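Take a look at the structure set out below.
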Amino acid sequence: MESTEIYDRLTKVFREVFDDDEIVARPDLTASDVEEWDSLKHVRLILSVENAFKVRFSASEVSNLKNVADLAKVIQSKV
Amino acid sequence: MSSSIYADLFWLPKSPENFSSLCRSVLEDDHGLGRRLQGLAKYALNGNQLGRLAKVLAKARADGMSLAPLTPFRLGVLSNSTLDFIVPALEATALRHGIALECIKADYGQVIQAALSPDSVINRAMPDAVLVAVDLRYLPLQSTLGNQEAAAAAVSGVLQHFQAIREGVRNNSGAISILQTLAPLPESLFGSFDRVLPGAPRQLIDAVNRGLAESVYGTEDVLVDVSAIAETVGLAQWHSPAQWNMAKLPFADELVPLYADYVARTIAALRGKSRRCLVLDLDNTVWGGVIGDDGLEGIKVAQGDAAGEAHLAVQRMALALRERGVVLAVSSKNNDDVARKPFREHPEMLLKEDHIAVFQANWNDKATNIKAIAEELSLGLESFVFLDDNPVERGLVREILPQVAIPELPDDPALFSRTLSAAGYFEAVTFSSEDLKRADYYQDNARRVTLQNQAGDIDAYLASLKMEITFQPFDRTGRSRIAQLINKSNQYNLTTHRYTEAEVAAAETDPRCFTLQVRLADIFGDNGMISVVICRRTDPKVWEIDTWLMSCRVLGRKVQEAVLREILKHAEGNGIEELIGIYKPTDRNQMVEGHYRSLGFEQIGSEPDGSTTWKLLVQEASVVETAMLVRSTGFETVEIGNI
């Protein structure tokens with residue numbers, strides 16, 4: 001999958017999870033940039049990304065994520 | 001497909017693209033807010049969407065807005081796992097069932113404490129019910145391999161624990177308990193022997209589940225059979241070790257909407273909101289095929305034929321529901337005697353006329369008919385479920401009578417009865433001898449229903465279908481389908497003239513013939529060729545309508561009006577001043593007896609065999625506008641006098 005397509009689809013998921021039509025999944029975006037992004041929303045986000053891309057992440061993959069770029073990389077390796 | 005019927009809530013319409021913005025705007029005014037929130041919950045919503053809707057509900061509540069006429073219900077929730085995704089899903093899903101649910105959560109893992117302590121957050125909230133949402137991981141259910149006595153002791157210990165929770169809740173807050181059965185893990189210890197060996201995990205869980213069921217029977221407390229939900233979708237799909245490890249989610253997040261619907265329908269049943277009447281469409285629902293066209297021998301309802309078996313399964317389910325007290329009714333677009341014929345004469349039909357409390361077969365729209373059935377039975381529309389294979393009929397009734405539950409159905413009739421069952425419309429928490437008699441009771445009271453006025457704004461619905469009608473003269477491409485329609489259509493067929501494919505081909509070039517093949521598409525898809533017309537020039541200024549037929553699938557869509565407009569347009573272009581229509585009765589086409597009258601023709605003759613002749617002056621004709629996009633292609637205007 002093209003990297004731009006991954007980011008486009010991630011943006012859609014982010015908007016759904018955070019109920020915010022302005023948010024854009026940029027590579028350097030992290031949890032501290034989004035007020036609502038707490039540990040619970042993080043779980044919600046991971047589950048929604050799994051569903052949107054029809055992939056499953058392992059626990060170590062999830063715990064090693066530092067920003068959206070990492071997330072996109074893990075997705076890239078699976079689709 | 002079959003298991004995703006459950007996981008995807010297939011019986012509910014897909015959510016609209018703009019669901020988020022609908023949620024944002026729903027609170028802009030408070031008029032009819034309860035119903036509008038309920039409307040938003042009637043889609044197949046995912047976890048995120050349920051969360052969004054729950055937020056809107058919470059805001060409405062915080063702002064003191066009225067949620068009438070939804071029934072308020074306060075639910076305490078005890079659990080050993082993370083409820084943060086489940087509670088919003090429960091509140092939003094309950095809206096679908098007419099309940100304004102407010103959940104009160106105990107702290108994480110505080111189950112027995114919250115039940116027994118009078119000043120726990122649960123007991124102080126004085127809820128209507130407490131959901132004991134615990135799973136296997138909460139219980140001290142040690143396997144006691146091979147030791148029957150120890151196994152019995154373990155089971156009884158667990159059951160006593162549940163008993164203590166129930167009594168604690170009852171004594172401290174007066175609430176009833178909603179218990180859950182335990183979903184076994186897919187991981188086995190020995191294999192199939194788990195079922196055989198006393199004290200093996202599978203045996204213990206089965207015993208606990210049976211004990212829970214027995215302990216609530218005859219009490220006010222109720223059971224949500226979580227084990228059955230998990231087994232229905234598959235234990236391996238239900239239990240997600242990854243999600244438990246990540247966030248202590250008790251079961252796979254993607255199944256939260258399904259679980260929430262099961263809990264919500266149980267609460268709705270407690271509040272008497274279960275549905276009580278099933279209205280059945282006939283053609284392609286109760287049997288395969290169209291009785292008016294295919295006849296008694298042609299419909300599929302027999303054993304040994306896959307389609308026939310599928311429709312028999314629908315009948316079997318309807319009968320089983322009737323047995324437990326659900327009233328059955330029929331709403332079919334048919335002539336009454338034609339629709340009743342299979343019930344009376346087909347040897348393989350399981351449903352008989354006696355089983356049907358109200359039998360509505362006519363050419364009215366179905367919303368009007370269902371309203372009439374409701375009045376006849378003195379049941380509210382919110383008691384009704386309507387089963388119909390046709391998405392246009394479903395859409396129309398949903399639009400006009402939103403209180404009626406209408407399951408979406410898959411294309412394959414083999415899955416009709418499963419989909420109906422999955423929707424859980426007839427959920428019950430008790431069963432009495434009264435229920436056994438109920439269907440008969442309604443039967444005795446039912447009479448032939450008089451037709452009502454139209455139930456709502458049909459035109460607005462028709463406009464929303466975005467119909468596109470296409471007119472073409474006969475051509476080579478359409479030839480075989482035209483011949484098929486000419487030789488197969490029985491009901492909406494004015495003269496029932498039959499022509500071979502060669503004769504149809506001849507009409508293509510016959511200068512005396514004006515022909516139409518008509519196609520119709522709408523938002524649900526392309527209906528293909530649905531109408532055929534042949535006019536013959538019998539005089540330089542007269543067209544006689546030799547053939548006019550239409551597929552009954554598009555009845556009630558004002559197609560015949562659009563066809564007449566098209567004929568008039570070409571008549572004018574061809575210097576025709578007069579249209580002559582003929583109705584020749586057969587034993588199948590009674591429905592079009594009034595066709596020409598309703599289109600503004602004047603009767604000018606009748607024959608002993610019942611045939612009637614009709615006239616319309618082209619200049620004086622006025623036909624109502626129809627809400628559809630009209631395309632006409634392939635026509636050449638013939639010069640006046642060129643016969």
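In table form, for the structure just shown:
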{"quantity": "Accessible surface of B:T219 - all protein chains present, 1.4 Å probe, nearest 10 Å²", "calculated": "70 Å²"}
{"quantity": "Of all accessible heavy-atom area on region B:295-399, the percent that carbon and sulfur account for (1.4 Å)", "calculated": "46 percent"}
{"quantity": "Spatially proximal lysines relative to B:K569 (Cα-Cα < 25 Å; intrachain offsets below 8 disregarded)", "calculated": "B:K466, B:K541, B:K558, B:K615"}
{"quantity": "With at most 15 neighbouring Cβ atoms within 10 Å, loop trypsin sites (Lys or Arg not before Pro) (DSSP) excluded, longest segment of chain A", "calculated": "A:1-53"}
{"quantity": "Region B:380-389 - phi-based ³J(HN,Hα) in whole Hz, Karplus 6.51/-1.76/1.60, Gly and Pro as x", "calculated": "x, 4, 6, 8, 9, 10, 10, 10, 8, 6"}
{"quantity": "Rounded to the nearest 20 debye, dipole of region B:239-386 from Cβ charges on Lys, Arg, Asp, Glu", "calculated": "760 debye"}
{"quantity": "For region A:23-40 and region B:458-527, distance of Cα centres in Å", "calculated": "58 Å"}
{"quantity": "Two-decimal log10 I(q)/I(0) for region B:277-423, as the Debye equation yields it once each C-alpha is a single scatterer, q = 0.09, 0.12, 0.13 Å⁻¹", "calculated": "-0.23, -0.43, -0.50"}
{"quantity": "Dipole of the protein assembly as shown, positive end: most advanced residue of B:N493, B:G424, B:P13 [Cβ charges, Cα centre]", "calculated": "B:G424"}
{"quantity": "Cα extents of the protein assembly as shown along the three principal axes, largest first (Å)", "calculated": "97, 65, 54"}
{"quantity": "Region B:274-377: trypsin sites (Lys or Arg not before Pro) in DSSP loop, at most 13 other beta carbons within 10 Å", "calculated": "B:R324, B:K352"}
{"quantity": "Gain in span if fully extended, B:D412 to B:R271, counting 0.36 nm per residue against the direct Cα distance", "calculated": "47.3 nm"}
{"quantity": "Cα-based Kirkwood hydrodynamic radius, region B:533-610, one decimal, Å", "calculated": "13.6 Å"}
{"quantity": "In nm, spacing of pseudo-spin labels at B:E375 and B:L116 (7 Å Cα→C-beta vector)", "calculated": "6.0 nm"}
{"quantity": "Kyte-Doolittle mean at least -0.5, axial Cα span of 20 Å or more - DSSP H helices of chain A", "calculated": "A:3-18, A:39-53"}
{"quantity": "For region B:1-88: rounded, prolate or oblate by the Cα gyration tensor [a/c cutoff 1.5]", "calculated": "oblate"}
{"quantity": "Three-way shape label, region B:31-185, alpha-carbon gyration tensor, a/c 1.5", "calculated": "prolate"}
{"quantity": "Magnitude of the charge dipole, the protein assembly as shown, Cβ model with Lys/Arg +1 and Asp/Glu -1, debye to 20", "calculated": "960 debye"}
{"quantity": "Cα gyration tensor shape of region B:464-632, rounded if a/c is under 1.5, else prolate or oblate by comparing a/b with b/c", "calculated": "rounded"}
{"quantity": "Cα centroid separation - region B:386-439 against region B:270-292, whole Å", "calculated": "6 Å"}
{"quantity": "Spin-label pair A:M1/B:A236, simplified geometry with 7 Å Cα→Cβ offset, distance in nm", "calculated": "2.4 nm"}
{"quantity": "Cα-based Lys pair tally, region B:1-271, threshold under 24 Å, eight or more apart or on separate chains", "calculated": "8"}
{"quantity": "Cut-off of 10 Å, at most 13 other beta carbons, DSSP loop: longest stretch of chain A lacking such GluC sites (Glu not before Pro)", "calculated": "A:37-79"}
{"quantity": "Computed helical MRE - 222 nm, chain B, DSSP H runs ≥ 4 contributing -39500 (n - 2.57), nearest 500", "calculated": "-11500 deg cm²/dmol"}
{"quantity": "Spin-label pair B:Q484/A:D28, simplified geometry with 7 Å Cα→Cβ offset, distance in nm", "calculated": "6.3 nm"}
{"quantity": "Amide H contacts under 5 Å for B:S240, placed H, 5+ residues apart", "calculated": "B:A252"}
{"quantity": "Mean Kyte hydropathy of -0.5 or more with a Cα span along the axis of at least 30 Å, helices from DSSP in chain B", "calculated": "B:148-173"}
{"quantity": "Overall Cα dimensions of chain B, principal axis frame, Å, largest first", "calculated": "99, 55, 48"}
{"quantity": "Accessible surface, 1.4 Å probe, highest first, among residues B:C535, B:C513", "calculated": "B:C513, B:C535"}
{"quantity": "Bridge type composition, chain B - antiparallel percent by DSSP, nearest 5", "calculated": "45 percent"}
{"quantity": "Qualifying GluC sites (Glu not before Pro) for region B:121-224 [loop in DSSP, other Cβ within 10 Å: at most 14]", "calculated": "B:E187, B:E220"}
{"quantity": "Potential extension, B:S156-B:D539 segment - 0.36 nm per residue separation minus Cα distance", "calculated": "128.5 nm"}
{"quantity": "Value in Å of the Kirkwood radius, where chain A supplies the Cα pairs that are averaged", "calculated": "12.5 Å"}
{"quantity": "Part-to-part distance (alpha-carbon centres) for region B:106-135 and region A:50-79, which is given in Å", "calculated": "37 Å"}
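The values are calculated or read from the model by the stated rules, or taken from the named source; none is laboratory data. Keep in mind the model is a prediction, meaning the values are calculated, not measured. Reconstructed Cβ throughout: ideal geometry from the backbone, glycine too, with neighbour counts over all protein chains shown. Areas reflect the complete protein model, heavy atoms only, side chains present, ligands, DNA and RNA absent. Shrake-Rupley method; radii C 1.70, N 1.55, O 1.52, S 1.80 Å.
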